[in-house]
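Structure first, commentary second.
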Amino acid sequence: MKSSITILAIESSCDETAAAVVKNGREVRSNIISSQIKYHKEYGGVVPEIASRKHIENINQVIEEALESASVSLEEIDVIAVTYGPGLVGALLVGVSAAKAISFATGKPLIGVHHIKGHICANYIEHEKLTPPYLCLVASGGHTHLVVAKDYTHYEIIGLTRDDAAGEAFDKVARAIGLGYPGGPAIERMAKEGNADAIAFPKAKVSDNPYDFSFSGVKSAVLNHINGCKMKGEEIHQADIAASFQKAVVEVLIEHSLMAVKEYQLNQFALAGGVAANTALREGMKTAMEAIGVRFYCPSMVLCTDNAAMIGAAAYYEYQAGVRAGWDLNAVPNLKLV
Ligand code: KG4
Ligand code: ZN
């Protein structure tokens, strides 16, 4: 087997059209991300039809840019990788079709990557010391998973959200208090101006699995608080709401992760997903983990939110494990992690 593997990775599961060239899972040669935020902003969230159309318009250019900026020709690429789920079906299909076409035309092997595995593997890019097993919290717009990474391709899910994902709660609360889309960064900015102890929002516990999450309660509590203020004619303190909400979510994420890392006796912890770009979460989790002697890892901000470098990292390990996709590779919007 070749000792060095260079992967062209494509990601189009939601509202970023992205392509990257990644060598041996950990060396990013290029990482091009074309964000569609400006097209979705006026609608307050991602509009699936617009996402698909923009992916189609941008994908070829993004792929060309990824190759160019890596100074790599298509001939020098060993493997074509693409996110095939979970995500928006029309959005995923654009990346999957592009990857299949390139793979067919060049005869290079094709690998379908699970988006969440990509988020987890983003941690390998900058952290050479990180090797399985470890505990990972993946918190994104669509998922909140607490998983044990058993090796580079196998995961055990120990906790899941029962309702809203953490990022989804950030987005919904941001909309409720009049901040734009995407909500996470807007809440984080606003929270800096507010008092995190101003309002005691609930931290929901799920009775039958201590590692599961529920964020719809805190979201409803924010809406009730806003309605209560309106009815009483009181001023709505956006910054206090943002800070108190962020604190409630971050505390739950940290508490569950601490409990799990102790119970599963793991001495390494990795954070992943778009919500991992939140400084309060990154810093709070780092402090909490290091206080009990657990090594803490987190990707840099640009590798937390959607990108294709993370897909190239995950694909490398799938490739080494012998995984290959056929021409029947299809978009799977609700693809399960295990
Ligand atoms: O991983 P990601 O880019 O896409 C999905 O796979 O869903 O995550 C996007 C989510 C959005 O809900 C966004 O509001 C949230 O991550 N997010 C943040 C921050 N940056 C992005 N949440 C809290 N604080 C942030 N700084
Ligand atoms: Zn994502």
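The values are calculated or read from the model by the stated rules, or taken from the named source; none is laboratory data. Being a predicted model, the structure only gives us computed values, none of them experimental. All Cβ positions, even for glycine, are placed from backbone atoms using ideal geometry, and neighbour counts span all protein chains on display.
Kindly list the number of the only condition in (1) in contact with a strand residue (DSSP E or B) (Cβ under 8 Å, 6 or more places away or on another chain); (2) among the polar types (S, T, N, Q); (3) within 22 Å of N334 (Cα to Cα) that fails for S97.
(1)
Step by step: first the residues of the range 141-176, then only those that are without any contact (Cβ under 8 Å) to a residue 60 or more places away in the chain and among the basic types (K, R), then the one that is farthest from A313 (Cα to Cα). Which residue is that?
My answer is K172.
Does Y211 satisfy the criteria of being closer than 22 Å to K286 by Cβ, touching a residue at least 12 places away in the same chain (Cβ under 8 Å), of a type in the set (S, T, Y) and outside any helix (DSSP H, G or I)?
yes
Conditions: (1) assigned to a helix (DSSP H, G or I); (2) within 16 Å of ligand 2 (Cβ to nearest atom). N224 meets all but one. Number of the miss?
(2)
Which residue is nearest to T144 (Cα to Cα), if the candidates are limited to the range 280-319 and must be part of a helix (DSSP H, G or I) and charged (D, E, K, R)?
It comes out as R282.
Does the range 259-315 hold any residues that are within 16 Å of ligand 1 (Cβ to nearest atom) and polar (S, T, N, Q), and which are they?
N278, T279, S300, T305, N307
Residues are listed down the side, and each one gets a yes or a no for (1) hydroxyl-bearing (S, T, Y); (2) assigned to a helix (DSSP H, G or I); (3) within 16 Å of ligand 1 (Cβ to nearest atom); (4) not assigned by TED's automatic domain parsing to the domain that holds A20:
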| residue | (1), (2), (3), (4) |
| --- | --- |
| L137 | no, no, yes, yes |
| H145 | no, no, yes, yes |
| T153 | yes, no, no, yes |
| I187 | no, yes, yes, yes |
| A200 | no, no, no, yes |
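I'm trying to understand the selection: among the residues of the range 277-305, which are under 23 Å from N209 (Cβ atoms) and either of a type outside the set (A, V, I, L, M, F, W, C) or touching a His at 6+ places or on another chain (Cβ under 8 Å) (or both)? Give the steps one after another, and end with the answer.
First pass over the range 277-305, keeping only residues under 23 Å from N209 (Cβ atoms): 281, 284-285, 288-289, 292, 294.
Scanning the range 277-305 gives a single hit, G284.
Any idea which residue in the range 262-279 is nearest to ligand 2 (Cβ to nearest atom), counting only those that are buried (at least 24 other Cβ atoms within 10 Å of the Cβ) and part of a helix (DSSP H, G or I)?
G274
Listed here are the residues, each with its yes/no results for (1) among the basic types (K, R); (2) surrounded by 23 or more Cβ atoms within 10 Å (Cβ to Cβ); (3) more than 26 Å from G326 (Cα to Cα); (4) in contact with a Phe, Trp or Tyr (Cβ under 7 Å, 6 or more places away or on another chain).
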position	(1), (2), (3), (4)
T83	no, yes, no, no
G90	no, no, no, no
K100	yes, no, no, yes
P109	no, no, no, no
K117	yes, yes, no, no
T144	no, yes, yes, yes
Y152	no, no, no, yes
I157	no, no, yes, no
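When E235 is evaluated against the numbered criteria (1) under 26 Å from I125 (Cα atoms); (2) acidic (D, E); (3) at pLDDT below 95, which criterion, by number, is the only one it fails?
It fails just one condition, (1).
Residues in the range 255-274 that are farther than 16 Å from T131 by Cβ, over 20 Å from the mean Cα position of the chain (by Cα) and polar (S, T, N, Q): how many?
Adding up the residues that qualify gives 1.
Are any of the residues in the range 162-169 away from ligand 1 (no atom under 16 Å from the Cβ) and either touching a strand residue (DSSP E or B) at 6+ places or on another chain (Cβ under 8 Å) or not assigned by TED's automatic domain parsing to the domain that holds G142 (or both)?
yes
Got at least one residue in the range 20-30 being within 16 Å of ligand 1 (Cβ to nearest atom), buried (at least 24 other Cβ atoms within 10 Å of the Cβ) and in contact (Cβ under 8 Å) with a residue 12 or more places away in the chain? So that I can check it myself, show each step before the final result.
Applying the first criterion (within 16 Å of ligand 1 (Cβ to nearest atom)) to the range 20-30 yields 20.
Remaining after also requiring buried (at least 24 other Cβ atoms within 10 Å of the Cβ): 20.
This time we only want the ones that are in contact (Cβ under 8 Å) with a residue 12 or more places away in the chain, so: 20.
Yes: the range 20-30 contains one or more residues that are within 16 Å of ligand 1 (Cβ to nearest atom), buried (at least 24 other Cβ atoms within 10 Å of the Cβ) and in contact (Cβ under 8 Å) with a residue 12 or more places away in the chain.
Kindly provide the set of residues from the range 8-57 that are basic (K, R) and assigned to a loop (DSSP other than H, G, I, E, B), ordered by number.
We begin by selecting, within the range 8-57, every residue basic (K, R); these are 23, 26, 29, 38, 41, 53-54.
The one that is basic (K, R) and assigned to a loop (DSSP other than H, G, I, E, B): R26.
As an exercise: evaluate G118 against (1) away from ligand 2 (no atom under 16 Å from the Cβ); (2) over 27 Å from V218 (Cβ atoms) and give the number of the one condition it does not meet.
Among (1) away from ligand 2 (no atom under 16 Å from the Cβ); (2) over 27 Å from V218 (Cβ atoms), the lone unmet condition for G118 is (1).
If I ask for residues that are buried (at least 19 other Cβ atoms within 10 Å of the Cβ), under 22 Å from V94 (Cα atoms) and of a type in the set (A, V, I, L, M, F, W, C), which ones from the range 57-76 would you list? Give the derivation first.
Here is the first cut: in the range 57-76, the residues buried (at least 19 other Cβ atoms within 10 Å of the Cβ) are 58-59, 62-63, 66-67, 70.
After this cut, where a residue has to be under 22 Å from V94 (Cα atoms) as well, the list is 58-59, 62-63, 66-67.
Scanning the range 57-76 gives I59, V62, I63, A66, L67.
Do we find that S35 is within 23 Å of H119 (Cβ to Cβ) and away from ligand 1 (no atom under 16 Å from the Cβ) in this structure?
Judged against the criteria, S35 is not a match.
Just name the residue that is nearest to the chain's Cα centre (by Cα) out of those in the range 69-121 that are without any contact (Cβ under 8 Å) to a residue 40 or more places away in the chain and over 20 Å from I5 (Cβ atoms).
S97
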